[in-house]
Amino acid sequence: MTIIMIVALIIELVVLIWSLMSYSPACRTGLFYPVPILTLVAAILLVVSVSIFGFNYSYYMGGNPQFSFNYPVNPQQVYNPAAANAGVLGAFSQVNLGYSYWLAVAAAVVMVVATLLSCVTAAAINKHNA
């Protein structure tokens, strides 16, 4: 999963540089056409990475992923109400999705929007040149 995100980051950097180069007056308009393909690849990689993390999270936590829930640390242990009243979680531990997951989700959404915008831009360039 980490490798997929690193590859997506590298592709995003290539897209950024390529986009800046294609808007320079010295470059031809045909240089922009690979940008929608690259943004689509980066978006797919991010969505796959976030999905893999979500499925692994659901699998290892024994249910559907939720924002926050308690799960038994050791199934042999039982919940101790006295320990809970004393401020100790006892046999249960708190699990929640961290900010990294939500940043990855936001990055995937931004890349999907970037893909749509790059496709519209490429179509406009094609229409203008025709």
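The values are calculated or read from the model by the stated rules, or taken from the named source; none is laboratory data. For clarity, every value in this text was computed on a predicted model and none was experimentally measured. We place every Cβ from the backbone using ideal geometry, glycine too, and count neighbours over all the protein chains shown.
Of the residues making up the range 1-36, those that are farther than 26 Å from residue 126 by Cβ and either at pLDDT 80 or above or of a type outside the set (A, V, I, L, M, F, W, C) (or both) are 2, 3, 4, 5, 6, 7, 8, 9, 10. Residues in the range 1-45 that are surrounded by 13 or more Cβ atoms within 10 Å (Cβ to Cβ), closer than 20 Å to residue 100 by Cβ and more than 13 Å from the chain's Cα centre (by Cα): 11 only.
Among the candidates 120, 47, the residue that is at pLDDT 50 or above, of a type outside the set (Gly, Ala, Ser) and under 18 Å from residue 1 (Cα atoms) is uniquely 47.
Every condition in (1) within 22 Å of the chain's Cα centre (by Cα); (2) at pLDDT 50 or above; (3) assigned to a loop (DSSP other than H, G, I, E, B) is met by residue 65 except one, and the failing one is (2).
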